[in-house]
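Below is one structure, written out as structure tokens; comments come after it.
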Amino acid sequence: MSKKQNLAQQEIAPGDIDAQPVESKAKKGVAYFFRLDATRRVTYMAVLIALAVVTKMFGIDLPSGKVSLFYIPCYLAGAFFGPLFGFITGSVGDLLGFVLKGGIPNPITTLGNGLMGWIVGIVFTVLPKIRPEIRLIIGAYISMIICTLGVNTLGLAVMYGSPSLNLFQNYISWLWYGVVPRFVFQPIVITVNLIIAVGLYFVLKRYLKKFIKT
């Protein structure tokens, strides 16, 4: 009888051992957003969007750029909740921030700020084995090149460019008055945002783990 029990345990044990790692790996590949219950999904997204709106409204405008903590909620939304909700946080935060501040929304910069959260989310999705702080750094600086120095600078050039200038003159003006100063100034602002975002990431990750659905 004992031999039969031992044989039965040997037949069952390998399947149990193999099943557990597969399940844990599958869960690790899913964004935190989809591992939380619906109420917390709505709550955390609302908080991140609200933070994006507030940081957008209370940024300090300077000739060479804007001093703002707007990047932080966009990075965290992409890191924790994936590219789609990173895009929503950046674009909605930018749009509502402009409206509540009494300005006219710029669709190009709204797109650029949405892509900022989207890029961080993509980096976290396609590079799951890299340490999260490294993924945040990669995503932040890729988004800086594509969005901050590219799309957003173009949006500002279109919004504030002189209508009397032709396309070539507008492009030269965009390079000289937009890209060159922003290339020096914005990396400093983004690096400060990134340092804060990395610290907050580990705090929030520990907190969110308490609410992951089993």
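Observations on the structure shown:
- For first residues located in the range 113-130 and free of Cβ contacts under 8 Å to residues at least 40 places away in the same chain and surrounded by 19 or more Cβ atoms within 10 Å (Cβ to Cβ), partners that are in a helix (DSSP H, G or I) and polar (S, T, N, Q) and lie 6+ apart or on another chain with Cβ distances below 6 Å form the pairs GLY114/SER91.
- Yes/no for PHE185 being part of a helix (DSSP H, G or I), touching a strand residue (DSSP E or B) at 6+ places or on another chain (Cβ under 7 Å) and at pLDDT 75 or above: yes
- Filter result (among the aromatic types (Phe, Trp, Tyr) and within 20 Å of THR125 (Cα to Cα)) within the range 52-106: TYR71, TYR75, PHE80, PHE81, PHE85, PHE87
- Residue within the range 124-138 that is in a loop (DSSP other than H, G, I, E, B), hydrophobic (A, V, I, L, M, F, W, C) and at pLDDT 85 or above present: yes
- Out of LEU69, LEU84, LEU95, LEU51, one residue alone is modelled with pLDDT of 90 or more, part of a helix (DSSP H, G or I) and within 21 Å of VAL203 (Cα to Cα). It is LEU51.
The values are calculated or read from the model by the stated rules, or taken from the named source; none is laboratory data. Note that this is a predicted model, so its numbers are computed, not measured. Cβ: placed from backbone, ideal geometry, glycine included. Neighbour counts: every protein chain shown.
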